[in-house]
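Report on the structure given below.
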Amino acid sequence: MSVPIHIQPDETFVLNVGPQHPATHGVLRVKMEMDGEYIVNAETVIGYIHRMHEKMGELKTYPQYYMNLSRMDYLGALGYSHGHVLLVEKVAGIEVPERAEYIRAITVELNRIASHLFWFGAFVMDLGGFSPLMYALQDREHILDMLERITGSRLTYSYYRFGGLYNDIDDQFIESAREFIPRMRKSLKKYHKLVTGNIIFIKRLKDNAILSKETCRKYGASSAVARGSGINYDVRKNEPYSVYPEFDFDVPVYPEGDSLARYNVRMAEIEQSLRIIEQGLDKLPDGPIMPKKAPKIIKPPAGDYYQAVETARGNFGIRLISDGTKVPYRLKLRSPTYSNMHLFDETAKGMLIMDALAFMGSLDLVIPEIDR
Amino acid sequence: MVTYFSEIFSGLWSLIIGLSITFREFFSPTVTVHYPYEQVVMPERFRGHIQLKGDEEGNPKCVVCMMCQRACPSGCITVAGKKKEGEKKKTLSKYTLDFTKCSLCGSCVESCNFDALEFSKEYKLASTRKEDFIMDLMQRLEEQNK
Amino acid sequence: MIVEKTKKALDVLFPQQKAEQEAEDDTPVSTTPENEAHETKKEEPRPNGLIERDYAVHGYHLDAQVAPEQLFSAIEIIDGLEFFLESITGVDWIEDDQMEIIYDFSRYDFDLCRVVIRTRVARDTPVVPTITPIYAGANWHERETHDFFGIKFDGHPHLIPLLLPEDADFHPLLKDFKA
Amino acid sequence: MELTFFNVAVAVTIAIGFAAINAAYLVWAERRGAGRIQRRPGPNINGPLGLLQPPLDGIKLMAKQLIIPGGADKALFIAAPVLAMAPAIVSFVTLPFSDTIVAHNLNVGVLAIFAFASLGGISLLFAGWSSRNKYAVMSSVRAVSQAIAYEIPMLVTVITVVMIAGTMNLTDIVAAQKGGIWNWNIFPFKAGLFNPLMTMSFLIFFICALAETNRAPFDLGEAESELVAGFHTEYGSMGFGLFFMGEYANIVVGACLTTLLFLGGWSCPFGLFPGVWWFLLKIYVIIATIIWIRWTFPRTTIYGLLNLSWKILIPFSLFNLLLTAGLLKVF
């Protein structure tokens, strides 16, 4: 609900929604020039957790770079490793066995659900409801335990290797994944009854920060931010990669463009990921998880290559410029939240600070992924 | 006028549904692990800090081939070996792991062809001094064997 | 079909390549644009022009190299064809003493076409016109490339360091940068 | 009971004692209730079931240093927490717990309590303004606008009840509701008067009580996720302790008032043996619902909150007032 503001220049004061603030989920600072509760203009200041992954990319060989990707976005780490591994396999021409592809798809989708659940809990807590966070984390705990059993760590899995996986999954993982799906559907119903139907929640998010298709295109927004404004763009469908063409799932798109639409998109995405996991578990072939002669030293031919992948937060792209040596010449990481967050400054003009922070919550930010 | 009232009643009804859910949650059992009193069991593939594997008589299987030192992205392993006279293979003299820099990616365990390294199940590693994390794995192996 | 449309739209920028194209069409020469690009890359830098790439290998369809002056008009064509800005990458070619800026574009709808526009600038005077008037989303990308490479984007409204601390005067991604 | 110094001293200490114990152990009840709602046990380490938690918290708070920020307006900064706690405690003096147990039976009991309640809004303004912190100023402005917006419908519903009972003396109001559950003000078919909207005015009063004490969906004053900690951001040890206790004391006062005005005070549902235990039972049921509501709903926006009050609560309560006046005139 943006109201035209008529401000006298000396009337405004600058409020630092500073690096340490409960609503920014990380070290992000928004310098807001405020007139009372209305934001006159907002300037996002990032870089507080910038670790220069791209320089590390130029100093380390390809196999040594596995762990950097999961440190970029710790909530949906597998999606990022998937992009990195797909790129190098495409460039170096490494064959990936069918079973490894399926396990990758299943674990990426599980990780996507875990990331969406964490977002759901944090978003409702941003709006003031504390209990849904605990329910969401409780469901997410099941996923983390499942993934910890097979990969060895809870968040920063370096589980994928060029050509396959670090180690294979066992029957207990398959059985716990199968048993997880109905339980997750039951709690999804609970969330819809507890939060989505709640009138306070709907009144809070209806017509909050409406993004037009044009703004999304100008800023290059992706995932729920673009799909919430009616743009049917999902890298798994637009540029099919790995084993996704075998799964039939649909991409939830809501035309309204307000925070409620972005919320609905992500909740529907959890349902779609459950469908993918179900089909993945049904079609899981046996066989090896690493090619017979997996090359130890990776030396991709010189040239300029690009690979885009759909992660929980949007279309993550890696550009690799290799000069034929063991170490990449230049590795550019295109992080989706970087573009999603960029449109915050323009949209937050004229909004109340409460609506602006609700809008920031609906963008699903992970700050280390913005700063890289 | 009708929508005005229907909106109020549907709003109240959604609030009551919300309350009913938390009411049911109130009476369902707690799911948290009370940490200091109940310990958490780490799964078998859990990646704690790496440790040396001893053969039957307890001395490390490591043959000082330096593969792990080269494979580590952050350079936290330093290995030193010396050749005892009369034996052709080098024996391990010093194996330190700088756990402050280690990011548990597992390249070292993967690159070791002599199965001399494994992940420990250690997760209670809080300490106030940095030096506690420069671990001498040989000494840990001896303690383990005792 | 969108790939051809973009190709035709971008060809207008390279009149001399069009003349060479006619010459090449009537004398069927076997070298496809693919490996012809490889050869030229080794000896002297690639002439400005549009090359069609194989998506399966490279990950994008069209690869156009433009001079810095033509950059603005090229981006306007791309904006006209409803592309969205994916990212801006800077590359420091220290051997041939040049800096390259790569603009990635992709599409929201289903007929897939990824376009890459690249410009090369001299390494010691890296100045490129900004594209923020067309794509507001390029603001941060340009500031970041300025942070890491020192490439000046003239006309940029707010060119202060984004990811590096405010008073940073070093450019970490340059090949001769010593930490 | 005539007014000797001794009687008043005993009555006041009992009232303050009741308020302090209640405020402390409500904190414990809220933390355990919230824990159970979120499938975790809540405080259970200090003492059996965590019952020693509130005193230990109190000691911890007192041990901490009370930091007064640099440019703060010292007088107001210190006055604010006292002003938050004082009205709640003082209004316990006039609250009757049963027809015999009352500290001081004022003839204008209802008026006195609401006079003290309005002081609460001022304490938020002092706290926010004097701690010279942008977040605190914003939250105090919000809290004051909320307090004003919700005082009006609250007072209008109270006037309706006072009109039905004919007096302002709380004991007499409860006496008017004696005899059986159908005689309470919450139900429309009271003897000699049929007013269908009474249940709704109970609901309005309950919502206003929530909003008045900055609780549940209306806790815009100390909105943790936006304004860091709202008006008591800069308060250290006992400053924060007083605000915290003040909030819970206000909740108890709100619950007592709802019981007295609408649920027939200490009269028993089937009219047999009235007594103070019915009164305490009703209070703690209402407090449990307040805690239950807090951990279920998200927060409303500032304009949603003000719209709710000005556009829905005030018209309904005024209409209810006129309807009751009309019915009283007719019958």
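Only one residue of A:Leu147, D:His104, D:Ile89 has its Cα farthest out toward the positive end of the dipole of the protein assembly as shown, where Lys and Arg carry +1 and Asp and Glu -1 on Cβ, and that residue is D:His104. In summary, the lysines within cross-link reach of B:Lys83, defined as a Cα separation below 25 angstrom excluding same-chain residues under 8 places away, comprise B:Lys53, B:Lys61, B:Lys94. Taken about its Cα centre, chain A carries a charge dipole of roughly 700 debye when the Cβ of each Lys and Arg holds +1 and the Cβ of each Asp and Glu holds -1. Taking every residue in A:47-56 and counting other chain Cβ atoms within 10 Å of its Cβ, the average works out to 4.
Scalar couplings 3J(HN,Hα) for region A:323-329, obtained by applying the Karplus form with A = 6.51, B = -1.76, C = 1.60 to θ = phi - 60°, are 10, x, 9, 6, 10, x, 6 Hz; x denotes Gly and Pro. Between the amide H of A:Tyr329 and those of A:Ile321, A:Ser322, A:Asp323, distances stay under 5 Å, these residues lying 5 or more places away or on another chain, with hydrogens modeled in the peptide plane.
Counting only Cα atoms, the size of region D:181-331 along its three principal axes is 56, 38, 24 Å, in decreasing order.
Lysine pair count for region A:213-365 (Cα-Cα distance under 22 Å; residues 8 or more apart in sequence or on different chains): 11.
Considering only B:Val40, B:Leu125, B:Met66, and ranking their Cα positions along the charge dipole of chain B that arises from unit charges at the beta-carbon of Lys, Arg, Asp and Glu, the one farthest toward the positive end is B:Met66. Annotation: lysines with alpha-carbon distance below 18 angstrom to C:Lys7 (same-chain offsets under eight excluded): C:Lys18. Computed from phi, the 3J(HN,Hα) profile of region A:243-254 under the Karplus parametrisation 6.51, -1.76, 1.60 (θ = phi - 60°) reads 10, 5, x, 6, 8, 9, 9, 10, 9, x, 10, 10 Hz, with x in place of Gly and Pro. Straight-line reach from B:Lys124: taking Cα to Cα under 19 Å and skipping same-chain neighbours fewer than 8 places apart, the aspartates and glutamates in range are A:Asp145, A:Glu148, B:Glu38, B:Glu44, B:Asp98, B:Asp132, B:Asp136, B:Glu143.
Can you compute the helix-only [θ] at 222 nm over chain A? Use -39500 (n - 2.57) per DSSP H run of at least 4 residues, normalise by all residues, nearest 500 deg cm²/dmol. Spell out each step's value before the answer.
On the way: 15 runs with 174 residues, N = 372.
Value at 222 nm, helices only, nearest 500: -14500 deg cm²/dmol.
The helix-based estimate of mean residue ellipticity at 222 nm for chain D, built from -39,500 (n - 2.57) per DSSP H run of four or more residues and divided by its residue count, is -21500 deg cm²/dmol to the nearest 500. Between rounded, prolate and oblate, where does region A:260-314 land on the alpha carbon gyration tensor, with a ≥ b ≥ c its root eigenvalues, rounded for a/c under 1.5, else prolate if a/b exceeds b/c? Because a/c hits 1.5 or more and a/b fails to exceed b/c, region A:260-314 counts as oblate. From least to most packed, judged by other beta carbons within 10 angstrom and beginning with the fewest, A:Ile276, D:Ile59 follow the order D:Ile59, A:Ile276. Toward the positive end of the charge dipole of chain A, with +1 on the Cβ of Lys and Arg and -1 on the Cβ of Asp and Glu, the farthest Cα among A:Gly129, A:Val251, A:Thr156 is that of A:Thr156. Rounded to the nearest whole Hz, the Karplus-based 3J(HN,Hα) values (6.51 cos²θ - 1.76 cosθ + 1.60, θ = phi - 60°) of region D:166-173 follow the sequence x, 9, 9, 7, 4, 4, 6, 4, with x at glycine and proline.
Going by neighbour counts of Cβ atoms within 10 Å, the residues A:Tyr305, C:Tyr103, C:Tyr108 line up, fewest first, as C:Tyr108, A:Tyr305, C:Tyr103. Only the Cβ atoms of Lys and Arg (+1) and of Asp and Glu (-1) were treated as charged; on that basis the dipole of the protein assembly as shown about its Cα centre amounts to roughly 3420 debye.
Please go through region A:89-187 and write out the GluC sites (Glu not before Pro) that DSSP classes as loop and that have at most 12 other C-beta atoms within 10 Å.
On the way: sites: A:Glu89, A:Glu95, A:Glu98, A:Glu101, A:Glu109, A:Glu141, A:Glu148, A:Glu175, A:Glu179; in loops: A:Glu95.
Counting only loop positions with at most 12 other Cβ atoms within 10 Å, the GluC sites (Glu not before Pro) in region A:89-187 are A:Glu95.
Each of B:Val2, A:Val30, C:Val91 has some number of other Cβ atoms within 10 Å of its Cβ, and from fewest to most they run B:Val2, C:Val91, A:Val30. Rounded, prolate or oblate for region A:105-257? Axes are the square roots of the Cα gyration tensor eigenvalues, ordered a ≥ b ≥ c, and the cut-off for rounded is a/c under 1.5. The shape class here is oblate.
For region C:80-179, GluC sites (Glu not before Pro) meeting the loop criterion (DSSP other than H, G, I, E, B) and having at most 14 other Cβ atoms within 10 Å: C:Glu82, C:Glu95, C:Glu166. Shape call for region D:5-330 from the C-alpha gyration tensor, a ≥ b ≥ c root eigenvalues: rounded (a/c under 1.5), prolate (a/b greater than b/c) or oblate? Prolate. In the calculated pair-distance distribution of the protein assembly as shown, the portion above 38 angstrom amounts to 57 percent of the Cα-Cα pairs. For the protein assembly as shown, what proportion of DSSP beta bridges, expressed in % and rounded to the nearest 5, is antiparallel? About 90 percent, rounded to the nearest 5.
In this structure the amide hydrogen of A:Asn41, modeled in the peptide plane, comes within under 5 Å of the amide hydrogens of A:Glu33, none closer than 5 places in sequence on its chain.
About its Cα centre, the dipole of region A:115-185 is roughly 180 debye, where the only charges are +1 on Lys and Arg Cβ and -1 on Asp and Glu Cβ. Once every Cα of chain A carries one equal point scatterer and solvent is ignored, give the base-10 log of I(q)/I(0) from the Debye formula at q = 0.07, 0.08, 0.09, 0.14 Å⁻¹, two decimals. Here the Debye-derived log intensity ratios amount to -0.31, -0.41, -0.52, -1.20. Residues of D:297-310, mean number of Cβ from any other protein chain within 10 Å of their own Cβ, rounded to a whole number? Average neighbour count from other chains, rounded to a whole number: 6.
Readers should treat all values here as calculations from the given coordinates under stated rules, not as data from a laboratory. This one's a predicted model, so the numbers in the text were calculated from it and none came from an experiment. Because the Cβ atoms are built from the backbone with ideal geometry, glycine has one as well, and the counts that use them run over all protein chains shown.
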